[in-house]
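The values are calculated or read from the model by the stated rules, or taken from the named source; none is laboratory data. Bear in mind the structure is a predicted one, so any value in this text is a computation, not a measurement. Reconstructed Cβ throughout: ideal geometry from the backbone, glycine too, with neighbour counts over all protein chains shown. The area values use the complete protein model at the heavy-atom level, side chains included, leaving out ligands, DNA and RNA. Shrake-Rupley method; radii C 1.70, N 1.55, O 1.52, S 1.80 Å.
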Amino acid sequence: MLTDKEAKDATPVEFVRLNVGDSCGEMSLLTGLPRRASAVAGCDNTVLLRIEQEDFMDVLAQYQNIRFDILNLVAERLKETESIDQHIGEKRQ
């Protein structure tokens with residue numbers, strides 16, 4: 001589950017539930033900007049992979065096919081951003 005990092009109270013606001021094989025944090029890896037959300041495991045058998053920005057960039061440089069996958073993922077994320085921002089605003093009111 002991804003929760004809003006900017007919530008003013010201690011109650012997390014869930015706005016995305018990830019499934020097996022999903023990813024998060026790629027926008028921050030690409031831009032170097034802080035993440036807008038925190039990931040919280042919803043069950044005990046969750047496995048996460050963490051990759052540093054430099055290593056991520058090395059992978060993108062080495063494997064061209066992954067670049068296209070990441071571009072498609074970024075395009076999807078940008079489409080979702082407006083919806084997520086609206087959802088967070090509604091939850092905070």
Between Glu80 and Val47, with labels modelled 7 Å along Cα→Cβ, what's the label distance in nm to one decimal, could you check? 2.2 nm
With every protein chain kept in place and a 1.4 Å probe, the residues Leu30, Leu49 fall, from largest accessible area down, as Leu49, Leu30
Once both label points are put 7 Å beyond Cα along the C-beta direction, the Met57-Ala39 separation in nm becomes 2.1 nm
Taking R0 as 25 Å, what's the FRET efficiency between Leu73 and Arg17 from their Cβ-Cβ distance, rounded to 0.05? 0.90
